[in-house]
Amino acid sequence: MKALTDSKRRLSLSSNFNDDDQDEDDETMCSGTAVKRSIVYYLKNSTLHGLKYIAEESITIPERVFFGIAFVLVVILSGFFISNVYVKWSASPIIISTSAKQKLTSNMPFPAITICNLNQALLSRVQRISRSSSNFSLLMGLCDQGGDLTISYIGTWKYFKAILVEVAQPCDEMLLYCSFGSRQEQCSMLFNSILTDDGLCCNFNALDPSYLIRNYSDDVRLEPPQQNGRYEAIDWTAERGYAKKLPEFYYPRTSGGTGIRMGLTVVLNASVAEYYCTKSMSVGFKVLVHNPAELPKVSNYGLIVTAGREARIPIEPVYEDALPSIRSIKRSVRRCLFSDENDLAYYRTYSRKNCELECEAKLLLRECNCVLYYLPRIDPASRVCGPNDNICTNRVQTEIESSLTNLSCENCWPGCFELTYKATLSTSSIVSDPRFQSGENLPDYIFKGEHSNASELSILHFYYVTNTFRSTTKSEMFGFTEFLSNTGGLLGLFMGFSIFSVIEIVYYITVRPYCASRTLHQRRRRRLEHLRWLTPIRAPAKQLQRRLRRRRLLPPAYSELQQRQIKARQKHTLWQTLRVRPADPGPEPPVYPYLD
């Protein structure tokens with residue numbers, strides 16, 4: 001009994017000691033002293049410059065304060081410079097640089113060329129129209145003849161298209177001779193009729209309307225498409241370019257070389273005797289060189305070539321592209337749009353020119369309740385502006401072009417990929433004297449017969465000057481990598497800061513406390529396992545103890561051990577009893593600390 005009492009006393013003391021040790025560990029981890037000790041340890045071992053002097057015990061307190069103030073000032077100064085770097089990064093992230101690699105003009109389409117006769121209606125055809133008819137009122141809208149408020153006819157696109165085709169000079173009458181790439185071709189195979197702000201014009205190498213207009217229908221065309229044409233219409237954009245697989249003959253065409261011979265040459269007939277109305281004070285033609293995926297505005301931006309002159313128009317392509325990395329920059333900052341960011345309602349291909357045409361149509365529809373005949377028909381039911389709307393339309397167009405009023409198209413940003421062309425013009429008089437020997441390989445019938453009057457003819461040459469050119473590229477001037485490197489350089493210069501300094505801070509905040517807590521927990525668990533077998537047996541836990549004994553985790557009870565020994569003695573046979581062998585005291589029972 002005395003032995004059992006001493007054993008219980010030892011068990012109680014060990015249990016109390018274990019609880020006291022556990023409480024002491026918890027207090028040690030969560031106490032302010034432990035936190036202070038961890039901070040001092042971090043300051044002494046940190047890679048940041050100056051922190052170790054703050055925790056140095058061998059220097060005086062004023063010296064520590066000095067280094068502490070110096071460290072704070074260094075942090076403030078580095079933050080000031082980093083803020084300047086951030087402002088530069090956020091304010092001007094885009095830089096436009098010249099491409100190091102030259103591009104070939106053969107990989108770009110030859111420009112679209114729109115040619116308009118300054119005369120918008122043939123006199124002989126206008127005389128057939130009664131002045132009291134609705135067609136004449138539409139004709140006055142085309143000729144822009146003042147602001148006659150008495151004409152209140154509401155025109156539609158269907159009727160205006162009919163009167164326009166009826167009175168305008170057809171392309172096959174205006175174009176007498178055409179050649180492209182040193183090969184003469186039928187002008188009807190090269191040029192198509194197109195509607196511009198200068199009336200009906202002839203267009204070369206433009207994108208087919210089915211690829212240009214979003215909700216395309218045959219009603220958009222002024223003339224039916226050529227069924228037996230050798231050239232096949234394909235899609236092209238400044239961003240995607242041409243497809244990898246192309247048919248043998250296609251348009252928009254590419255250039256075959258440089259110089260007049262490999263360019264486009266046309267001979268034009270002005271038909272001065274048929275002049276009825278024009279927007280200028282001269283006779284001749286307006287010419288505009290533009291992107292094949294854009295509709296032209298010839299009236300304001302076209303070059304004038306008077307009749308009786310030969311003109312040379314050298315062309316230089318200007319291509320702007322962008323790197324995909326600038327997509328992550330906001331539109332308002334990079335100030336350009338990619339093709340998949342297109343929000344135009346009428347055109348499929350985004351460009352600044354197409355956006356401005358749509359913007360002008362929306363403003364006219366809002367202010368004047370009509371749309372000019374050459375603008376996109378965003379609302380098919382909207383009426384075509386007539387002579388009685390000239391005051392309103394002139395006011396709106398003036399405000400749009402001035403960009404000083406609320407009626408502006410400032411939201412029409414340029415495309416991130418754009419192709420434009422620079423064209424210059426030089427002219428000289430045409431000499432048709434038979435004694436004059438010309439080096440031009442033009443057919444003789446052009447200067448003979450009904451077109452013998454050279455004062456009504458114009459000869460135009462469009463050509464590239466060089467086979468290669470350099471493009472410009474929009475890229476990140478100050479990306480995240482540059483911002484990170486500049487920030488790291490400033491922090492390293494002022495404080496010796498690096499990525500490993502961040503890892504140190506994370507370690508002392510998370511990993512070190514976790515490892516300390518885990519170590520203490522494992523230490524407690526080992527103590528409990530060491531003292532578990534001293535716990536008295538309770539009746540409800542007998543089944544659990546039997547399982548543990550089967551797994552050889554706990555030693556058998558003393559009473560159970562005695563029963564096993566009795567059963568073993570009863571199983572001895574006679575031979576085992578009579579067998580002569582040294583005295584065997586039997587297996588030693590396990591030693592229990594509570595038994596003396």
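The values are calculated or read from the model by the stated rules, or taken from the named source; none is laboratory data. Remember, it's a predicted structure, so these values are computed and weren't measured experimentally. Glycine also receives a Cβ, built like all others from the backbone with ideal geometry; neighbour counts cover every protein chain displayed. Protein only, heavy atoms only, side chains kept; ligands, DNA and RNA dropped before computing areas. Shrake-Rupley method; radii C 1.70, N 1.55, O 1.52, S 1.80 Å.
Selection of helices (runs of 4 or more DSSP H) fully inside the stretch 1-114 by the criterion of at least 1 residues being open to solvent by less than 70 Å² (accessible area, probe 1.4 Å), more than 30 Å from PHE191 (Cα to Cα) and at pLDDT 75 or above returns 32-45, 51-54, 61-91. Within the stretch 363-383, the residues that satisfy the criterion of being touching a strand residue (DSSP E or B) at 6+ places or on another chain (Cβ under 9 Å) and assigned to a helix (DSSP H, G or I) are LEU364, LEU365. Of all the criteria given as (1) in contact with a helix residue (DSSP H, G or I) (Cβ under 8 Å, 6 or more places away or on another chain); (2) under 30 Å from TYR86 (Cβ atoms); (3) modelled with pLDDT under 80; (4) not acidic (Asp, Glu), the one not satisfied by THR481 is (1).
Of the residues that make up the stretch 122-133, is at least one outside any helix (DSSP H, G or I), basic (Lys, Arg) and modelled with pLDDT under 85? Yes - at least one qualifying residue is present in the stretch 122-133. Before we move on, is ARG37 in contact with a helix residue (DSSP H, G or I) (Cβ under 6 Å, 6 or more places away or on another chain) and charged (D, E, K, R)? Taking the combined requirement at face value, the residue does not satisfy it. All of (1) open to solvent by less than 30 Å² (accessible area, probe 1.4 Å); (2) touching a Cys at 6+ places or on another chain (Cβ under 7 Å); (3) among the hydrophobic types (A, V, I, L, M, F, W, C) hold for LEU407 with one exception: (2).
Count of the stretch 246-265 residues, restricted to those that are of a type outside the set (Val, Ile, Thr), within 29 Å of SER210 (Cα to Cα) and surrounded by fewer than 20 Cβ atoms within 10 Å (Cβ to Cβ), is 9. The single residue among TYR153, TYR211, TYR216 that is open to solvent by 60 Å² or more (accessible area, probe 1.4 Å), modelled with pLDDT of 85 or more and aromatic (Phe, Trp, Tyr) turns out to be TYR211. Within the stretch 310-319, the set of residues being touching a Ser or Thr at 6+ places or on another chain (Cβ under 6 Å) and surrounded by fewer than 19 Cβ atoms within 10 Å (Cβ to Cβ) comprises ARG312, VAL318. Quick one: would you say TYR463 is more than 30 Å from PRO324 (Cα to Cα), not hydrophobic (A, V, I, L, M, F, W, C) and not in a helix (DSSP H, G or I)? So TYR463 fits the description; yes. Residues of the stretch 352-390 that are of a type in the set (Gly, Ala, Ser) and either modelled with pLDDT under 85 or in contact with a Cys (Cβ under 9 Å, 6 or more places away or on another chain) (or both): ALA381, SER382, GLY386. With the condition kept exactly as written, say whether any residue in the stretch 331-342 is open to solvent by less than 20 Å² (accessible area, probe 1.4 Å), closer than 30 Å to PHE478 by Cβ and aliphatic (A, V, I, L, M). Taking every residue of the stretch 331-342 in turn, at least one turns out to be open to solvent by less than 20 Å² (accessible area, probe 1.4 Å), closer than 30 Å to PHE478 by Cβ and aliphatic (A, V, I, L, M). Checked against the criteria, GLU248 counts as in a loop (DSSP other than H, G, I, E, B) and not basic (Lys, Arg). In the stretch 447-501, the qualifying residues are those that are in contact with a strand residue (DSSP E or B) (Cβ under 8 Å, 6 or more places away or on another chain) and small (Gly, Ala, Ser), and the one that is surrounded by the most Cβ atoms within 10 Å (Cβ to Cβ) is SER458. Return yes or no: is ILE378 open to solvent by 30 Å² or more (accessible area, probe 1.4 Å) and closer than 28 Å to PHE338 by Cβ? Against the criterion (open to solvent by 30 Å² or more (accessible area, probe 1.4 Å) and closer than 28 Å to PHE338 by Cβ), ILE378 qualifies. Residue pairs whose Cβ atoms lie under 8 Å apart, separated by 6 or more positions or on different chains, with the first residue in the stretch 33-53 and closer than 22 Å to GLY489 by Cα and the second open to solvent by less than 80 Å² (accessible area, probe 1.4 Å) and not in a helix (DSSP H, G or I), are THR47/GLY496; THR47/SER498; LEU48/GLY496; LEU48/PHE497; HIS49/GLY496; LYS52/SER46. Count of the stretch 290-303 residues, restricted to those that are surrounded by fewer than 21 Cβ atoms within 10 Å (Cβ to Cβ) and either in contact with a strand residue (DSSP E or B) (Cβ under 6 Å, 6 or more places away or on another chain) or assigned to a helix (DSSP H, G or I) (or both), is 4. The criterion of at least 1 residues that are at pLDDT 80 or above is met, among helices (runs of 4 or more DSSP H) falling completely within the stretch 490-552, by 499-506, 512-531.
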